[in-house]
Amino acid sequence: MRDKRAIITGGSKGIGRAIVERLIKEGWQVCTCSRKEEDLRRLKEELGNPQSLYIRACDVGDRVSVMEFVRFCVQNMGRIDLLVNNASLLGERVSIENYPEDVWEEVIRVNVNGVFYMTKYAIPHMNSGSVIVNMSSGAGKRPAPYWGAYAVSKFGIEGFSLLLAEELKDKNIRVYAFNPGATKTQMRAKAYPHEDPTTLKPPEKVADFILRLISSKVPSGSYDYNE
Ligand SMILES: NC(=O)c1ccc[n+]([C@@H]2O[C@H](COP(=O)([O-])OP(=O)(O)OC[C@H]3O[C@@H](n4cnc5c(N)ncnc54)[C@H](OP(=O)(O)O)[C@@H]3O)[C@@H](O)[C@H]2O)c1
C-alpha cells in the first residue's frame, strides 16, 4: 500500500495522531489538521519532519476552513485515497434538561457539520477503490444517557455513513462507520476522570485495526474495534 494519500482530521493527538504516525511509517503521504498550528508543527517535528506529512490548521466545523484545507491537501498530494473523519468534541456529560445550548451547538457543528463538509469537498478528489472512515462510538449505537450532543452526533455519523455508502457504491468508494471502543486518549480521560488509564488500549492498536480494515476490503458498513 505504498504511494497512497490520506487526509486524517484531528491528527495532533490521540487516535488521529496514531493513524498519522502509522501511515507515514507505511510510506503514505498524509495531510492532517487540528485547530492548533503549534501542535501540528510539534507533531511534524516529533516524527522527524517527514516530507510526506502536510499540516495545516483547520476547524472542521467551518466550511471555508475545510474548503481551504482540502485545496491545500490536493495541491500537495494530487488525490485522496483515504479520508478519516476523526476530529470530534466530547461536549458535556449531563442530562438533556441541563445541557448548555452553546455546547450542544458547538458539538453538532464540529462532529456532524465537520464530517459533512470534509466529505463533500474530498469526494471529487477520490477515485475508485478509495475509502472513507468516519469515527463513531458505542454512544452512537445504543442509548447513552448523559452523553447528550456527543451521542446524538455519533448516531448521526452512523446514519450518514450508511447513506453515503449507498451513494458511493457505483464509484466503488467504501464507507465505514468505525467505533474504536475505549482508548487511552485525552477525550477518554475527560469522559471518565476516575478511570485508571493503564487499563485502556493505546491508540496505536486502533490505528493498526483501521489499517487492517481498509486493506481487507470488507464491505461498507458499521464496524467495532475488536482484539
Ligand atoms: N478515545 C476513545 O475512547 C474513543 C471512543 C469512542 C470513539 N472515539 C472517537 O475517536 C475519535 C478520536 O478521539 P480521541 O479520543 O483521539 O480524541 P482527542 O484525544 O480529543 O483528539 C481529538 C483530535 O481532534 C482535534 N479537533 C477537535 N476539534 C476539532 C476541530 N473543530 N477541527 C479540527 N480538529 C479538531 C483535536 O485537536 P484540537 O483540539 O487542537 O483542535 C485532536 O487532534 C473521535 O471521533 C472520538 O469521538 C474515541
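The values are calculated or read from the model by the stated rules, or taken from the named source; none is laboratory data. In this text, all values refer to a predicted model and were calculated from it rather than measured experimentally. Every residue, glycine among them, receives a Cβ derived from its backbone with ideal geometry; neighbour counts consider all protein chains shown. Ligands, DNA and RNA are stripped out before the accessible areas are found, and what is left, the full protein with its side chains, is counted by its heavy atoms. Shrake-Rupley method; radii C 1.70, N 1.55, O 1.52, S 1.80 Å.
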Per residue of the chain, what 222 nm ellipticity follows from adding -39500 (n - 2.57) for every DSSP H run with n ≥ 4, rounded to the nearest 500? -13000 deg cm²/dmol
Hz values of 3J(HN,Hα) by residue in the range 26-37 - Karplus curve (6.51, -1.76, 1.60), Gly and Pro given as x: 7, x, 7, 8, 10, 10, 9, 9, 7, 6, 10, 3
Built amide H within the under 5 Å cut-off of K201, gap 5+: K184
The relative contact order of the range 4-107, taking Cα pairs under 8 Å that sit 6 or more residues apart, comes to a percentage of 31 percent
Per DSSP, loop trypsin sites (Lys or Arg not before Pro) in the range 1-47 with at most 15 further Cβ within 10 Å: R2, K36
Select from the range 125-213 those chymotrypsin sites (Phe, Trp or Tyr not before Pro) which occupy a DSSP coil region and have at most 15 other Cβ atoms within 10 Å, ordered by residue number. Y146
Crossing angle, helix 14-25 versus the chain [Cα axis fit, 0-90 degrees, rounded to tens]: 20 degrees
Give the carbon-plus-sulfur fraction of the accessible surface of the chain in %, rounded to a whole number; probe 1.4 Å, heavy atoms of protein chains only. 50 percent
Where nothing but the Cβ of Lys and Arg (+1) and of Asp and Glu (-1) is charged, how large is the charge dipole of the chain around its Cα centre, in debye to the nearest 20? 700 debye
Under 5 Å between amide hydrogens, which residues at least 5 positions from V84 or on another chain qualify, with H placed 1.01 Å from N in the peptide plane? I7, I8, T9, V133
As a test of reading the structure, rank T185, T9 by solvent-accessible area (1.4 Å probe, protein chains only), most first. T185, T9
Let me have the relative contact order for the chain, percent, based on Cα pairs under 8 Å that are six or more residues apart. 19 percent
Estimated vicinal HN-Hα couplings, Hz - the range 209-215 in sequence order (Karplus 6.51, -1.76, 1.60; Gly, Pro = x): 5, 5, 4, 5, 4, 6, 8
Taking amide H positions as placed in the peptide plane 1.01 Å from N, state which residues far from D224 in sequence (5 or more) or on other chains have amide H under 5 Å from it. N179
HN-Hα J in Hz across the range 102-111 - Karplus 6.51, -1.76, 1.60, θ = phi - 60°, x for Gly and Pro: 5, 5, 3, 5, 5, 5, 5, 4, 6, 6
More than 21 angstrom separation, counting every C-alpha pair in the range 5-224; what % is that? 52 percent
Within the set K36/K190; K120/K201; K171/K205; K171/K217, which residue pairs have Cα atoms separated by over 21 Å? K120/K201; K171/K205
